[in-house]
Structures are given as structure tokens and as C-alpha cells.
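Encoded as C-alpha cells, the structure appears first; notes follow it.
The values are calculated or read from the model by the stated rules, or taken from the named source; none is laboratory data. In this text, all values refer to a predicted model and were calculated from it rather than measured experimentally. Cβ: placed from backbone, ideal geometry, glycine included. Neighbour counts: every protein chain shown. Side chains included, ligands, DNA and RNA excluded: accessible areas come from the protein's heavy atoms. Shrake-Rupley method; radii C 1.70, N 1.55, O 1.52, S 1.80 Å.
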Protein chains: 2
Amino acid sequence: MSERRRFLLTEDQIPTTWFNVKPHLDVPPPAPLHPGTGQPIGPDDLAPLFPMGLILQEVTQEPTVDIPGDVLDVYKIWRPTPLVRAINLEKALDTPARIYYKYEGTSPVGSHKPNTAVPQAYYNKLEGRLRLTTETGAGQWGSSLAMACAHFGQTCDVWMVKVSYHQKPGRRVLMNSFGASVRPSPSDETEAGRKVLAMDPDSPGSLGIAISEAVEAAAKDPGASYSLGSVLDHVILHQTVVGQELEQQLAMAGVEPDILIGCVGGGSNFAGFAFPFIPLKKKSRPDLRLVAVEPAACPSITKGAYAYDFGDLVGLTPLLKMHTLGSQYVPPPVHAGGLRYHAMAPLVSAAVAEGLVEAQAYHQTEVFEAAMLFTKTEGILPAPESSHAVKGAVVEALRAKEEGRSKTIIFNLSGHGYFDTSSYEAYLSGKLEDYAYPEAEIAAAMAQLPQV
Amino acid sequence: MSERRRFLLTEDQIPTTWFNVKPHLDVPPPAPLHPGTGQPIGPDDLAPLFPMGLILQEVTQEPTVDIPGDVLDVYKIWRPTPLVRAINLEKALDTPARIYYKYEGTSPVGSHKPNTAVPQAYYNKLEGRLRLTTETGAGQWGSSLAMACAHFGQTCDVWMVKVSYHQKPGRRVLMNSFGASVRPSPSDETEAGRKVLAMDPDSPGSLGIAISEAVEAAAKDPGASYSLGSVLDHVILHQTVVGQELEQQLAMAGVEPDILIGCVGGGSNFAGFAFPFIPLKKKSRPDLRLVAVEPAACPSITKGAYAYDFGDLVGLTPLLKMHTLGSQYVPPPVHAGGLRYHAMAPLVSAAVAEGLVEAQAYHQTEVFEAAMLFTKTEGILPAPESSHAVKGAVVEALRAKEEGRSKTIIFNLSGHGYFDTSSYEAYLSGKLEDYAYPEAEIAAAMAQLPQV
């Protein structure tokens, strides 16, 4: 009998509660501040944008939150997701390390994003909010929310970062297939969009800009809510189904993790994957490494400041304490559109500040090179975002080889790249460029950090 | 506890033998005939194109064939695949029928094709054939063989039907990512391709043409084999892992099937899905229906003749007894490129002739309409080919509603449509056209059937 390759759970092993990391942090993120007054905000301040069901999850200190049955029913369309041992990748790297990946690409839209899209649509539906507005980068998030809205019968309006809108028409068509409306951001439908277009008609857009547009559209419509695919505490809460499944699968595989790796843009896939292991790390495995991998073109953890900043470009959102490059920073159009965000989730930032999470940054060509190796050996074309985690795993596996030590490396393959073939074509034809570390732009944006 | 939605097998439940339907047919397909002499051919006649390991599987009468461990190891990258109850689709149709789908889209390239690509590459490798040539329609098959060749370290040369080559660049990039060479067919690299281009420089190509080119290229290279993604007996043999898994999953679900539905181009996904149930049908369930769904633009079973014909346009292949529209027939460029084949697998044709399999034909707009309903309710965008099976299931579910009878309908969702968004965009923007039944073209092609 050959070595076991896949570790599959049954439907009844899907977690029935979400894991809340807050009680496990020595210094939880400080309260968000009102963008106008600079004073700490309460649930009521968020009511215009979010339903109370999600707001309460945003602020809860409870160690767990029950997952509603109606949400579990939709999770069952694709969950539990497989844990796979990357045996062929190990052989190709000739490493003593054991490499596993948790594969979230089996979801209907091919990424981890539906883990939070479904409950967000559900809680809005409960409170009669039948229109959701959102931003999307590569389109992973937008297609997830579009799927969730189709399920619960809600309207979905998406502002898609312009560079991805044109690079990845497939994602737009998928959103349309679910009945969502999609427009490129910056758009002329909002004041925020018009303001950006006035400054730069050719703006490639960014998540920060698209968020401003979606927030503005929701704030102007009492029947609408804004929906965010990352960054916020309740989004990370929802994503913890990933790490909780992983705990069961590692027990099934009979292995102890040494290094957990995920890519970070806003931080939700990494946090959902790694946070459930923080109690273990603090209790008995201080050597357990939680590694966040970010693009060198948008290095919020490795190069940013840990400070209060806006979540969007225009300054409509509350001020959040997080690792940030400055909300005015517009990252270069790297192909990992989902990672082009100027800041990092407050919970991930707090975990970094506490020394629980470390970060690495890589350029896109070395990331795509790792992705091609993974594709040829394991057969799955990873999303450019997820490829950052692949690169991180390859680096750690080669280090283990160098040190002659067997390590157990697990990374989160947060999505597949079937919608990103234009990016791979650019790489394979040698057209993919790296961007020098944008020092000047970042310094300029940092200089504009709000004073609080 | 809500109703069970997914039925998942464990790794050790992957079948360890392939199922051979031949011993169960009253009248197995008659022997293939030599294209030149018209005499029955033996294994040696096929040796220039195929390794002996596959030739012996092509002719075996044994009820089962063992699956090599090295092949099982690769199957484990994605098998077993899920059986899913389409609860939301049932609700949307308000039908008393229970609808399930076997989902093959979880494979690395998103379809059932790797089930045969992997063993084909493996048996060629065993006999030192390190270059494989093949044709591909939508690219599902080409990307599967490219993946298999990457795994076993073989060279892969693909002739891709020109209309799909341009409609679906994503598939080409995926093949390139696996290291395969891809060119549009008809090409000027072969006599067959040059002959077609001379007649029609704007030929959209067809599987029949692409097969001629790939066969010619392999025949001219002693170190090469030709590899076919459907039609032949050994291909169907390999695909029976699908139906054998389904048997276990239906037992797990505690349901008896009433109707099994699959789309048919060459016939391999349908056959692999449905043939393992033929013994049950003949023994105790004569009412069990096996339904093959084909495009109205290429209706080989519903409108073709059951006669000896060539498998390709130019006449390089052996003559096979099958349902055919005539090897000279070039189907209109419907978006289900994988179904644009003039004939049907001899084994499927024999099962039709024996009354074990029935067929239905639908136009592409009604097929895409069913696909959109499936996408909105079940969350998965089906491949245009697989959408024919979705349409068949919807039709049967509505009939059950009309008759007020609860039926258990299972269809094979042979692949996802993530690479086919250009087709869905055409549909959503109202640009998708149906083709009138091409009576004249088919009559002309039928008139040229070889006399044997």
C-alpha cells in the first residue's frame, strides 16, 4: 500500500462553531475610531453599513460562535475541504520536509472566500437587507458574494478593481452568471470614484478605492449593506472553519505541524487557517511558526507601520489599528490582485505585534516560478495569490533540506488559478515584470497617516 | 439535522479494478477493420499507434482489469470524487424527483478526462514511448494528457480544434503550464492539416480533423504513440472508476437509481459513469434508464447510422462499427467543443443497438439556460459539455413532476466551466445562436460512408 495522500473529513466533521482568537491574544486590537470624531466607535456607529448580527460578531469576546444551520447547509456544498500531502512536490525538491496543503479551491467559486460570503449574506437576509455592495480584487471575493446572494435571493453590486476587471474577464462573467452587477473601479457611479478619476483617469484602481465606492453606495441606501471580504474581525471569525478542519485532518494524518503558511492581502485566509493553532502555540508549541507571505510590491507587514489608518482610500471607514503602508498607497498592478491592499487585518497585525505571526515578502516572478513547479508536480494551477503560500512552502522545504532536518510544513492553497490563466500566459511568455520596492510611494503615503 | 447533501468516499474506496462491459453485451461491437484492406485487424495492426499494454485492454474480454498501483497513486490526487444531492435545484424545479450529481470537476484539470490520461501515459512509459500526440476539442482532454505526461516525464504534442483554440485560450495556457506544445488544428504541420486548409483556409476544425493530424504525427515517429481521449474501448474501460465509485455512494445514500444521465461526444464520460450499472439493469432493473444527451448540432445517436466508419476525417484510423453522421461531417462551432465529434464510441453504439441506452438531443441555448439555473442553485458553473447532462436531468425532473412520481435521477457533471466563461458571456449577452439541424451536410456526409 502506497503512502496516504489525501485526508478527507465527512460532512458531520464540518465545525459547528467559529473560533474567536481574541480571548487568546495578550493585547487584542484596540477599538476602531470614528473617522470624523476620532473617538472609539460602538455597534450603533456601524449599523448603517452592517447588520447587527455581524456587528455583534465583530465585537464579541466569546471564545466560540455557533454556526447557524442554514449556513452549515450551504457550507456542505463544498466543505469539508481536503488536506493533501504534496508527495510529488517533496520529491521534486528532494527535501526531508513533509509538505501538506489544505485545498480551498474545491469551493463553487474556487477559493476560501465563500466561507464568509455565505454567513454575511445570511445575517443580512435575517435583518431584511436585500442588497449587498462590495469591492473585489481578482474577483474571488466578488464571485463568492454573488454566489451567496444568489442562494439567499439578494441583489449584489460589485466594484471590481479595474486592472483585474480587464485582466480577468472570466471572474466577471462568473459573477454575472450568479446574477450580480459588476463595474470596474474607479467608476463614475460614486463620488469617491469620480474623485479618483479626476486625479488619474487611467488609475488601475485598488482595493482601497473600490472599498470607498462600495461603502459609499451602501451608506446611501438604507436597504443595503456593505460587505467586506477580508480585514474585519467577523470575516476572520468565519474563515476559522478552515483551520478547525485542518486540526482534525492533522490528527487523522498523525502529524504535528512545525510551520503553517498562508498568503496575506487583507489577511483572512491566513488567519482562518492559522489562528486556531494559536492556543497550541501559546500552550505547548512555542516553536510552531505561523508564516504570512505577502507580495514585495505591497509589503504591509514587512515594511508598514503598526498604526491607526483608514481601510479605504477616501477615508469613509472607521480608523483601524493595523500594519499599513498608508491608505493613500496604490500598489502596482501585480497579478495577485487579491493581495493589493495597503493594510493588514487588525487581528493579524495584533498577532504579529505579539510575536505570534512572522511575515515574508516575495516578488511575483519567483512566486509564479514556484506555482509552475507546483502545477507540474501536484497537478493544480494555484491562484496567483495562493502561489505566495506555495513559494513560502518551497523556501521552507529547501531550508529544511539545507539544515538536514525533517519539518512538517502545511500551507493553505486558498484558491485555484483557472481564472488567472492570462497571468500565467504573461509569465510563460516572459512578459511578467517585478516591481522595485516602491519606497518613495510608500513613504509618501505613510507621511499622510492620520494623527490620532 | 438537515438532509445529507454530499456522499464522500475514502481513499481506500477508490476502485482497484476497471470494469469491462463487453462480457455483459449480447452483441459486442464487431472487430475493427483495416482502413486499407477492409479486413479485421489484430493487435499488431495497432502497434504503430499504441503500446501493447493498451492494445490488450482494447481487445480483452475479461470482466475486470487491475489498476496498477502507480496509476492509483495519481488517481489519489483527486479521486474519489463526490456525489452531491442537488437539493437547491430540486427546490427550484419544485419536483418530487431526487436529483444527484457525480462531480468529476474536482480533478486537477476540472474534468473526468484524467481518469484515462493517467493510465495511457503510464502504459506508454512502460514501453518506452516518451512522446504522445493527441487532439483536443475544448481542451479538457489535452490538458489532462498534458498533466499525465508531466507526471511521467513524457513529451506531449496537442492539436487543438481551431475554434476552441481561439474561444478558450485558458485551456491552452494550462496545457503550456504542464509543459505541452499546442497548435490549432487544422495545422500546416501535417499532410492531413494542409489538405483541409487547402480546401477551406477558414476551417473551424473538428475533432475528426485534429485526430487525423495527431495520428499522422504519431505514425511518422517510432518513439511516439497516439493517445485518444474517448471512443476506444480502453478509454471507456478506464472511465469506469466513475460508475464504480457511484455504486458505493448510492449504497451510502441508500437510494436506487431510476435514471442515469450523461452527455456524449465520443461517449467516454457517459459510458464510464453508466456502464457499471448494465449488469444491474439486465439482471433485475429493466426499468433503469441510461440516457445519453448529445448536441442537436451533432446528433450521432439520434440521427446517425449504425455503420462502419472512420474515426477521423482523412481516413487514417481503422473502420469502427458505430453510430455516425459520416466522417466527412464537420459540426457547426457549438460551444460544447468536446461534443463536436461525428461518431459515437463502438461500445456505446452497441449498447444503444441492444436497447440498453437511449439518447436525447438538445440545442445549445436551452442547454446554457439549464446550466445557468444549476449555477444559481448549486453554485457550480458546469462545462458546456456537461451542461447537456444538466439539461437532461432538468427535463426528466420536470417530467417526474408532471407525472407526480418521485424518481431518483443521477447525472454525471463531467467537468466545470471555469475555462468556458467566454461561452457563458456569449449566452448572457444574447449572442449565442442555435444551429438548425444540419440535414444537408449530414446527408452529404452519410452518402460517403465507406462500403464494407
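Results, tabulated for the structure shown:
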read-out	value
Some residue of the stretch A:360-369 being open to solvent by less than 10 Å² (accessible area, probe 1.4 Å), within 14 Å of chain B (Cβ to nearest Cβ) and in a helix (DSSP H, G or I)	yes
1 or more residues of a type in the set (Ser, Thr, Tyr) and either open to solvent by less than 10 Å² (accessible area, probe 1.4 Å) or farther than 30 Å from A:VAL452 by Cβ (or both): qualifying helices (runs of 4 or more DSSP H) within the stretch A:225-306	A:233-253, A:268-274, A:300-303
Residue satisfying all of: in the stretch B:99-132; among the polar types (S, T, N, Q) and either within 13 Å of chain A (Cβ to nearest Cβ) or under 18 Å from the mean Cα position of the chain (by Cα) (or both); nearest to B:THR377 (Cα to Cα) among these	B:THR106
Whichever residue in the stretch A:383-392 is within 14 Å of another protein chain (Cβ to nearest Cβ) and in a helix (DSSP H, G or I) and, among such residues, is farthest from A:THR95 (Cα to Cα)	A:PRO384
Sole exception among (1) farther than 20 Å from A:ALA350 by Cα; (2) more than 14 Å from chain B (Cβ to nearest Cβ); (3) touching a helix residue (DSSP H, G or I) at 6+ places or on another chain (Cβ under 7 Å); (4) not aliphatic (A, V, I, L, M) for A:TRP18, by number	(1)
Some residue of the stretch A:395-412 being within 23 Å of A:HIS323 (Cβ to Cβ) and open to solvent by 10 Å² or more (accessible area, probe 1.4 Å)	yes
Per-region count, the stretch A:337-379, residues at pLDDT below 95 and closer than 19 Å to A:LEU290 by Cβ	1
Yes/no for B:ILE380 being within 12 Å of chain A (Cβ to nearest Cβ), under 24 Å from B:ALA97 (Cβ atoms) and crowded, with 20+ Cβ neighbours inside 10 Å	yes
Selection within the stretch B:21-59 - farther than 20 Å from B:ALA219 by Cβ, touching a residue at least 60 places away in the same chain (Cβ under 8 Å) and not in a helix (DSSP H, G or I)	B:VAL21, B:LEU25, B:ASP26, B:VAL27, B:PRO28, B:PRO29, B:PRO30
Any hit, the stretch A:376-387, residues being touching a residue at least 60 places away in the same chain (Cβ under 8 Å), in contact with a Cys (Cβ under 8 Å, 6 or more places away or on another chain), closer than 18 Å to A:PHE270 by Cβ and among the polar types (S, T, N, Q)	yes
Residue in the stretch A:307-319 that is most open to solvent (accessible area, probe 1.4 Å), counting only those that are under 23 Å from A:GLU191 (Cα atoms) and assigned to a strand (DSSP E or B)	A:PHE310
Of all residues in the stretch A:393-442 being more than 10 Å from every other protein chain (Cβ to nearest Cβ), in a loop (DSSP other than H, G, I, E, B) and touching a Ser or Thr at 6+ places or on another chain (Cβ under 9 Å), the one that is farthest from B:PHE419 (Cα to Cα)	A:SER406
Any hit, the stretch A:51-69, residues being in contact with a helix residue (DSSP H, G or I) (Cβ under 7 Å, 6 or more places away or on another chain), within 12 Å of chain B (Cβ to nearest Cβ) and open to solvent by less than 10 Å² (accessible area, probe 1.4 Å)	no
Unmet criterion (only one of (1) modelled with pLDDT under 95; (2) open to solvent by less than 10 Å² (accessible area, probe 1.4 Å); (3) not in a helix (DSSP H, G or I)) for B:PRO222	(2)
Selected residue (only one of A:LYS303, A:LYS282 is under 14 Å from A:LEU356 (Cβ atoms) and either of a type in the set (D, E, K, R) or in contact with a strand residue (DSSP E or B) (Cβ under 6 Å, 6 or more places away or on another chain) (or both))	A:LYS282
